[in-house]
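Report on the following structure.
The values are calculated or read from the model by the stated rules, or taken from the named source; none is laboratory data. This is a predicted model, so every value here is computed, not measured. Here the Cβ positions follow ideal geometry from the backbone for every residue, glycine too, while neighbour counts run over all protein chains shown. The protein model used for the area step is the full one, side chains on, heavy atoms only, and it has no ligands, DNA or RNA in it. Shrake-Rupley method; radii C 1.70, N 1.55, O 1.52, S 1.80 Å.
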Amino acid sequence: MEAILSKHDIENGILAFIEHHNEVDFEQIVLSAQKHFSTQESLKILTEFCLRAERLDDVKCAFEYTAIHNLIPQLEHLCEQHQFDDQFYEYVNVYRLAHRMAGEPTNHSFLKEAQQLHRETEDETLLFKIELMILYFHTMNGYNTIVNQADELRNKLQKMKPGYLKTAFAARLTTFLSYYYFYSTDDFASAEGYCLANTVNPAAPPIFKASAYHSLGLLYSFKSLKDSLRNLELSCKHFELAGMKEKSDILKKFDIPFILNLHAAHYEPYNRLIEGADSLEKAHYHIISKSPEKALPLLERLLAEDPDDFFAKLYYYYAKRDVYSITQQLLTPERNAHELRVIRFILRALIPRQAL
């Protein structure tokens, strides 16, 4: 689909443009705004359009646009505006529930409510939206039916008519799948593929792209320092575009030093990063610099504060070169796939010739 509105058309008012070009759909408007304006400017323009949308399909897309961009006051404004409208009251109920589920992803009463709404509606778009919500609940709660559910949704998505909702739903589906494959499996190709899909999806908001680049940075961390750092830097950029500078700061203090430590990278920018690194990664740096005696006091302090801190415990055993205790971490049921990859990498550093 093309970005067919010019910058002039948008500046003169989208509603005025579509009065004379009714065939222009919501996705074309989104692509046009993104083409001609910055992320923040296009978000402002499109949010205003969502709140003033009148055409049936535009209003349906407006619910999803404000929801996927986490524009909660604007989403609630739409809900209040349309809650007594026979065409949209089901959308109001579903999107209000979706917002509540996002805040409490382990609340089983919300799952039951979603299943009830699914039984009550015949709207194909809403049925798919609710199925995505149920998949989100299952993903967040570690259900083992995720892949089968996702396959069904992928088949339904392929049959959906092209447009903004299809593209936005694809962004949500690939986000759930990239999360699942990254944290629950060793299927590198699938995790990478779903992450890459979201980095180029025009409907994926900055937070989705930030998460995708973050996962890619960690996936590549065991293979390529250059690719890993490039993706983590893109993740920082998109977290900041999403207004989440604190997330970007965490990556700079923990994830980027973590990657550099994995590769024992010694160069000038690295030294500056380590100075501002998280205590864990300062300890990690001392270990790979063959000064474990400097790491141990940092790690002991962290473990005194939180005895269950996975990385503090792992680095403590690493500093002690305690292969047995590190190996025991592989057998702990609550370890996710990323943590298991880190454990194996550290074991290889301690036992270079042993295949793990």
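Residues that are surrounded by fewer than 18 Cβ atoms within 10 Å (Cβ to Cβ) and within 20 Å of the chain's Cα centre (by Cα) number at least 1 in the following helices (runs of 4 or more DSSP H) confined to the range 70-162: 72-82, 89-103, 124-140, 146-159. Note on the range 179-211: residues that are modelled with pLDDT under 95, buried (at least 17 other Cβ atoms within 10 Å of the Cβ) and among the polar types (S, T, N, Q) amount to 1. Scanning the range 22-38 for residues that are more than 21 Å from LEU56 (Cα to Cα) and surrounded by 14 or more Cβ atoms within 10 Å (Cβ to Cβ) returns GLN34, LYS35, HIS36, PHE37.
The single residue among TYR315, TYR285 that is hydroxyl-bearing (Ser, Thr, Tyr), part of a helix (DSSP H, G or I) and open to solvent by less than 20 Å² (accessible area, probe 1.4 Å) turns out to be TYR315.
Within the group GLU48, GLU41, GLU54, GLU19, which residue is outside any helix (DSSP H, G or I), out of contact with any Lys or Arg (no Cβ under 9 Å at 6 or more places or on another chain) and surrounded by fewer than 20 Cβ atoms within 10 Å (Cβ to Cβ)?
Working: GLU48 fails: outside any helix (DSSP H, G or I); GLU41 fails: outside any helix (DSSP H, G or I); GLU19 fails: outside any helix (DSSP H, G or I).
Unique residue meeting the criteria: GLU54.
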